[in-house]
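Participant: Input: one structure, supplied below.
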Amino acid sequence: MDFWKLHAFLKEFRQLQYDRFGRTSEDKEDILLVLAKVAEEVGELSEQVLLAHGRQRPSKGSTSNEALWNEIADVIISVAMMAEVLDLSLDEIIQNKIKSIKNKRDMTT
């Protein structure tokens, strides 16, 4: 999926959330709610990783690759939503970070 498709999905999803919960894009706590969602999703990903490595009670859930993939996707989408709420370009953020890493590590590719 490219960033433009992700951006379009996030705009539509965000509007659905606003409609569902009776909020608008002007709500000041929007970023705090998104941050809380990111933390929640990272916690769920952590549980999946712990399950996959036998460090969590089996009663906590499934250890399938699909469950792990779903949690990784949830984290990515939540972080992308944070960029959307902050009106930042995820594409630009990632390109700048890759450039920074390459410069620090003296990478050419």
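The values are calculated or read from the model by the stated rules, or taken from the named source; none is laboratory data. Because the structure is predicted, anything quoted here is derived from the model rather than measured. Positions of Cβ are generated from backbone atoms using ideal geometry, with glycine treated the same way; all protein chains shown enter the neighbour counts.
Participant: May I ask you to verify whether T108 is touching a Leu at 6+ places or on another chain (Cβ under 7 Å), of a type in the set (V, I, T) and farther than 27 Å from A8 by Cβ?
Facilitator: Values: touching a Leu at 6+ places or on another chain (Cβ under 7 Å): no; of a type in the set (V, I, T): yes; farther than 27 Å from A8 by Cβ: yes.
Judged against the criteria, T108 is not a match.
Participant: Does the stretch 14-36 contain any residue that is of a type in the set (G, A, S), within 22 Å of I93 (Cα to Cα) and at pLDDT 90 or above?
Facilitator: Looking through the stretch 14-36, at least one residue is of a type in the set (G, A, S), within 22 Å of I93 (Cα to Cα) and at pLDDT 90 or above.
Participant: Another question, if that's okay. Which residues, taken from the stretch 42-53, are more than 25 Å from F13 (Cβ to Cβ) and surrounded by 16 or more Cβ atoms within 10 Å (Cβ to Cβ)?
Facilitator: Quick first cut of the stretch 42-53, residues more than 25 Å from F13 (Cβ to Cβ) only: 49-53.
Passing the criteria: only L51.
Participant: Checking S46 against (1) within 23 Å of H7 (Cα to Cα); (2) assigned to a helix (DSSP H, G or I): exactly one of these is not met. Which one?
Facilitator: Of everything listed in (1) within 23 Å of H7 (Cα to Cα); (2) assigned to a helix (DSSP H, G or I), S46 misses just condition (1).
Participant: Whether any residue in the stretch 59-68 is touching a Ser or Thr at 6+ places or on another chain (Cβ under 8 Å) and not β-branched (V, I, T) is what I want to check. Break it down stepwise before answering.
Facilitator: Here is the first cut: in the stretch 59-68, the residues touching a Ser or Thr at 6+ places or on another chain (Cβ under 8 Å) are none.
Checked against the condition, which is being touching a Ser or Thr at 6+ places or on another chain (Cβ under 8 Å) and not β-branched (V, I, T), the stretch 59-68 yields no hits at all.
Participant: Return the total of residues in the stretch 54-88 being assigned to a loop (DSSP other than H, G, I, E, B), surrounded by 14 or more Cβ atoms within 10 Å (Cβ to Cβ) and at negative phi. Give the steps one after another, and end with the answer.
Facilitator: From the stretch 54-88, those assigned to a loop (DSSP other than H, G, I, E, B) are 54-57, 61-64, 86-88; that's our starting set.
Next cut, surrounded by 14 or more Cβ atoms within 10 Å (Cβ to Cβ) only: 56, 61, 63.
Next, only the ones that are at negative phi stay: 56, 63.
Number satisfying all stated conditions: 2.
Participant: Tally the residues that are over 18 Å from M1 (Cβ atoms) and assigned to a helix (DSSP H, G or I), restricting the search to the stretch 89-109.
Facilitator: Residues in the stretch 89-109 being over 18 Å from M1 (Cβ atoms) and assigned to a helix (DSSP H, G or I): 9 in total.
Participant: When the stretch 53-78 is examined, which residues are found to be hydrophobic (A, V, I, L, M, F, W, C) and touching a helix residue (DSSP H, G or I) at 6+ places or on another chain (Cβ under 6 Å)?
Facilitator: Within the stretch 53-78, the subset hydrophobic (A, V, I, L, M, F, W, C) is 67-69, 72-73, 75-77.
A67, L68, V75 - these are the residues of the stretch 53-78 that are hydrophobic (A, V, I, L, M, F, W, C) and touching a helix residue (DSSP H, G or I) at 6+ places or on another chain (Cβ under 6 Å).
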